[in-house]
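Participant: I have a structure I would like to understand better, so I am pasting it below and will then ask my questions one at a time.
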């Protein structure tokens with residue numbers, strides 16, 4: 001396309017061309033793509049025998065058990081979030 005200055009019509013032509021380009025961009029489809037996240041391996045936790053826990057008070061033992069449960073629940077939640085990036089969206 002060649003541009004030439006013809007006076008008043010040049011401005012009108014530019015507006016029409018700009019409007020057409022805007023309309024094409026305005027109706028462009030936006031597609032969001034989820035990238036699958038890698039699932040890190042679960043750590044191998046050291047085992048603790050009951051004999052090692054005997055020195056703890058009942059209150060401390062209960063707190064330790066609750067802490068371990070909350071960490072496990074949190075890890076499972078994060079794992080499910082990561083796994084959700086591996087399934088196709090409907």
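Quick note: the coordinates plus some simple rules give every number you see, no bench work behind them. Being a predicted model, the structure only gives us computed values, none of them experimental. Counting neighbours? That spans all protein chains shown, and the Cβs are built from the backbone with ideal geometry, glycine included.
Participant: May I ask you to sort 48, 33 by Cβ crowding, counting other Cβ atoms within 10 Å and putting the fewest first?
Facilitator: By the 10 Å Cβ count, ascending: 33, 48.
Participant: Taking just the alpha carbons, could you work out the radius of gyration and Dmax for region 33-74, both in angstroms?
Facilitator: 16.0, 53
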